[in-house]
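Below you'll find the structure, written out as structure tokens, and then a few comments.
What follows draws every value from the coordinates through simple rules; no lab data is involved. Please read all numbers here as calculations on a predicted model, not as lab measurements. With ideal geometry, Cβ positions are generated from the backbone for all residues, glycine too; neighbour counts draw on all protein chains shown.
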Amino acid sequence: MLTFQVSASRIDASGSVVRSKQAELVIDTGIAGRLDALNPVELLLAALSACMIKGIERVAGALGIEYDSVDVSLTAHRPDDEARIEAITYELRIGTAAGQDKLDLLHKNLMKFGTIYNTVKAGTSLTGTVTAR
């Protein structure tokens with residue numbers, strides 16, 4: 001079994017710091033919010049985007065897909081009256097000459113083998129597209 005660990009500490013009323021391995025990240029944990037740090041929903045979206053990009057790094061070669069760039073845009077949808085994310089939509093754009101059939105196969109692999117993807121999908125509607133640019 002693989003395990004992952006982070007620790008977090010409050011800095012002040014507007015933020016905290018998360019540490020893992022040799023990395024530190026200031027996060028927005030204040031009521032007023034802060035523009036120079038990600039809030040919890042943005043951190044979730046960042047983790048999902050990292051999962052997708054890492055998945056592409058893993059499987060593109062095996063599928064014969066050469067690429068030179070990846071861009072992911074994600075949007076979380078939260079009901080006004082409930083403290084939960086109802087849906088996440090995404091657009092994944094890959095700088096490649098690969099055809100849409102290969103990109104669809106890549107997308108299926110991301111959906112099947114993405115750890116964060118599958119964790120989020122278990123409790124949230126998760127839909128998106130993968131296209132060449």
Practice task
Considering only the range 10-56, state which residues are among the charged types (D, E, K, R) and either under 23 Å from A83 (Cα atoms) or within 14 Å of the chain's Cα centre (by Cα) (or both).
Solution key: R10, D28, R34, E42, K54
Exercise for the section: For the range 36-57, indicate whether the set of residues that are among the hydroxyl-bearing types (S, T, Y) and under 20 Å from K108 (Cβ atoms) is non-empty. Expected result: yes
Handout entry: Extreme residue, surrounded by the fewest Cβ atoms within 10 Å (Cβ to Cβ), among residues of the range 72-87 that are of a type in the set (A, V, I, L, M, F, W, C) and under 10 Å from the mean Cα position of the chain (by Cα)
Key = L74
Fill in the blank from the handout: Taking the range 50-75 and keeping residues among the polar types (S, T, N, Q) and under 13 Å from I94 (Cα atoms) leaves S69, S73
Completion exercise
Those residues of the range 69-105 that are outside any loop (DSSP other than H, G, I, E, B) and either out of contact with any Gly (no Cβ under 7 Å at 6 or more places or on another chain) or not polar (S, T, N, Q) (or both) come to a total of 22
Problem - Members of the range 95-133 that are surrounded by 18 or more Cβ atoms within 10 Å (Cβ to Cβ) and in contact with a helix residue (DSSP H, G or I) (Cβ under 7 Å, 6 or more places away or on another chain) - result: L106, L110, G114, Y117, V120, L126, V130
